[in-house]
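Structure record follows, encoded as structure tokens.
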Amino acid sequence: MSKKTFSKRIKTTKTGKLVRRKMGQAHFKSKKRSKTIRDKRNSVNVASVDRKRIQSEL
């Protein structure tokens with residue numbers, strides 16, 4: 001992925017953590033349970049395994 005792609009999908013918090021959205025929120029919501037849709041609203045921290053590689057792209 002290019003630098004532009006990462007910058008659209010991942011944001012850096014004030015403390016330096018990387019935050020992303022959960023996948024599967026855009027469409028086909030009628031097939032999903034209400035609980036699943038609610039759980040996907042919250043953002044998630046990027047895994048520590050990927051953090052170093054992504055920060056070099058940002």
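Can you run phi through the Karplus equation (6.51, -1.76, 1.60; θ = phi - 60°) for the stretch 25-37 and list ³J(HN,Hα) in whole Hz, with x for Gly and Pro?
9, 6, 8, 6, 6, 5, 7, 8, 6, 4, 4, 5, 5
Among GLY16, SER43, ILE54, pick out the residue whose Cα is farthest towards the positive end of the charge dipole of the chain, where Lys and Arg carry +1 and Asp and Glu carry -1 on C-beta, about the Cα centre.
SER43
Kindly put ILE37, ILE54 in sequence by how many other C-beta atoms sit within 10 Å of each C-beta, fewest to most.
By the 10 Å Cβ count, ascending, the order reads ILE37, ILE54.
Treating only the Cβ of Lys, Arg, Asp and Glu as charged (+1, +1, -1, -1), what charge dipole size does the chain show about its Cα centre? Round to the nearest 20 debye.
With only Lys, Arg, Asp and Glu charged at Cβ, the dipole is about 280 debye.
Between LYS32 and LYS52, 0.36 nm times their residue separation minus their Cα-Cα distance comes to what?
3.9 nm
Given the pairs LYS8/LYS31; LYS8/LYS32; LYS3/LYS52, which span a C-alpha to C-alpha distance of over 18 angstrom in this model?
Table pairs above 18 Å Cα-Cα are LYS8/LYS31; LYS8/LYS32.
For the chain, which trypsin sites (Lys or Arg not before Pro) are both in a DSSP coil and crowded by at most 11 other Cβ atoms within 10 Å? Please report the intermediate quantities before stating the final value.
Working: sites: LYS3, LYS4, LYS8, ARG9, LYS11, LYS14, LYS17, ARG20, ARG21, LYS22, LYS29, LYS31, LYS32, ARG33, LYS35, ARG38, LYS40, ARG41, ARG51, LYS52, ARG53; in loops: LYS14, LYS17, ARG21, LYS22, LYS32, ARG33, ARG41.
Here the trypsin sites (Lys or Arg not before Pro) that fit, given the DSSP loop and packing criteria, are LYS14, LYS17, ARG33, ARG41.
Each reported figure results from applying straightforward, stated rules to the coordinates on display, with no laboratory input. Because the structure is a prediction, the values reported are computed rather than measured. Please note: Cβ atoms are built from the backbone with ideal geometry, for glycine as well, and neighbour counts cover all protein chains shown.
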